[in-house]
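Just so it is clear, none of the values below were taken in a lab; they were calculated from the coordinates. Quantities reported herein were computed from a predicted structural model and do not represent experimental measurements. Cβ atoms come from the backbone with ideal geometry, glycine included; neighbour counts cover every protein chain shown.
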Amino acid sequence: MENIRKLAEMAVEEALSCGAETAEVKLEEDLNFSVNVRNRKVETLTESVSNRIHILVSSDQRRASSSSSDLSPESIKALAGDAVNLCRIMEQDEYYRLPDPDQLGTAERDLKLYHPGITEMPTDRKIRIARDLEDMALNMDKRILIDQSSYSSSVSKISIANSAGFCDSYRQSYNSVLLSCAAEDETDGKNRGKKQSAYWYSAGTSFEDLKPLEEIASEAVRRTVRKIGSIKPKTCRVPVVFDSITARGFLNSISNAVSGKNIYRRSSFLAGMLDRKIAPPTLTVIDDPLMPGRIGSRPFDSEGVISRQNTVIGEGVLKTYLMNTYQANKLGMKTTGSDGGVSNFFIRPGTMSEEDIISSVDDGLYLTSTSGQGANWSTGDFSQGAEGIWIENGTLSYPVSGFTIAGTFSEMMEDIEMIGKDIEWDTSVVSPPFKIRKMVISGS
């Protein structure tokens, strides 16, 4: 860690010595591992080490950057000179400048981002994990075919330095287990002979964060076989319950809609909506990089701005966009410490179980999958291919597929009626299940 800090500091000094007025450096070293198993045979196994350095310089309100995978002192010196030379021919940009010194810093709390056990685990055990996961699924249901059983891990060392006096680094670990299954649909109907497929996984910063392998295999099998015999639903307008996966997809679009870059470019349906009510009071959306052990946590952002929690939507009111310094300058605001994107972006859980939400629907859809490019956070339009399970009298009844679900993001947020209490903390964007009052289903 001390080595990459020194390299980052050296890069800043080299840029300044070449004539830059300001300099920012991000340096990262990654150790990656992945293994994919099928029919108990290792199909792919990859171990790699990668390095990246990015230098951003400015002079006379002009800025330019250069990047490399070579971290030798000679390469860094040349890279800094290249960035400064390029800067001289760029157009002026009055909005670019470093963060204010009082915004820089490192969160003092222990975020539990690094767990050495991930790198210490022997390769043969990682392979065995993938094989055991496959075996468990095959033993649960004879109809199951395995598309992929995998284990992956990574350790990243990240150092940020700039000419405003900031230089610090941190280390972060990550691992995940994934099982993708298929089953042939032998029921009578249009899907006969078609393979139905689904997956399940678990991820975390430590191996202990992962769910038990049997639980992952069971959920992957369950999600696969429940699709057998699916039919196309009727065209209608009904309540829709988003499961945790589709809710996450919805929230990911919202994260793009509140991005400062999309706001100042006027390519978001939420541009100009600050301090307006856009959802019911039960909806609160938070971006929190200070949650110990979470995948999106970080002590500072990619500019060295100290991490802090941001309430993006508070009780239905749009409170802030997520911005780095440049985006904030363009908007006449202050950075939210969001350079590098969202951290842990989530809907605050409600009080109801998913079963309670489903039981509130007499006739409607339990949405389990969406596909296509129809989630447009720029215009606010939403129209995607979908799969799910039809709800009758508060009970999951039969699988449905081959239809489109449509609405607008504004209407969908305004119509959120119930929010679940459970979150799967396995990505940086997560959400409990929720219910939307009504959406259009375009089927048969």
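If the Kirkwood radius is taken over C-alpha pairs of the chain, then at 4 °C and 1.567 mPa s the Stokes-Einstein diffusion coefficient equals 54 µm²/s. Among the listed pairs K330/K435; K277/K438; K26/K112; K157/K421; K26/K334, a Cα-Cα separation exceeding 26 Å is found for K330/K435; K157/K421.
Computed from backbone phi with θ = phi - 60° and the Karplus coefficients 6.51, -1.76 and 1.60, the 3J(HN,Hα) list for segment 34-41 is 8, 9, 10, 10, 8, 6, 6, 9 Hz; x is used for glycine and proline. In segment 10-53, which residues have a backbone nitrogen under 20 Å from the label point lying 7 Å from E74's Cα in the Cα-to-Cβ direction? Only 10-12, 14-15, 18, 51-53 fall inside the zone, counting backbone N under 20 Å.
Extension gain, S197 to S444, is 86.6 nm, computed as 0.36 nm per intervening residue step minus the present C-alpha separation. Placing a pseudo-label 7 Å from each Cα along the Cα-to-Cβ vector at K421 and D100 gives an inter-label distance of 4.3 nm.
A crude spin-label estimate for the pair R276 and E108, with each label 7 Å from Cα along the Cβ direction, gives 4.1 nm. Per the Debye formula on identical point scatterers at the alpha carbon atoms of segment 2-225, with no solvent, log10 I(q)/I(0) at q = 0.08, 0.12, 0.18 Å⁻¹ is -0.47, -0.77, -1.13. Peptides 163-172, 91-100 ranked from most to least packed by the mean count of surrounding Cβ atoms within 10 Å: 163-172, 91-100. Using only DSSP helix segments of four residues or longer, with each worth -39500 (n - 2.57), what per-residue ellipticity at 222 nm results for the chain after dividing by its residue count and rounding to 500? Rounded to the nearest 500, the figure is -7000 deg cm²/dmol. Scoring 369-375, 421-427, 9-15 by mean Cβ neighbours within 10 Å over their residues and listing the highest first yields 9-15, 421-427, 369-375.
According to the Kirkwood relation over distinct C-alpha pairs, the hydrodynamic radius of segment 236-442 is 17.4 Å. Gain on full extension, evaluated as 0.36 nm per residue between T379 and S67 minus their Cα-Cα distance, stands at 108.9 nm. Peptides 248-254, 112-118, 37-43, 352-358 ranked from most to least packed give 248-254, 352-358, 112-118, 37-43, packing being the mean of other C-beta atoms within 10 angstrom over each peptide's residues. Length gained on full extension, I228 to M90: 43.9 nm, using 0.36 nm per residue less the C-alpha separation. One Cα centroid belongs to segment 139-153, the other to segment 28-102; the line between them spans 37 Å. With the charge dipole of the chain set up from +1 on Lys and Arg Cβ and -1 on Asp and Glu Cβ about the Cα centre, the Cα lying farthest toward the positive end among the listed residues A203, G385, T187 is that of T187.
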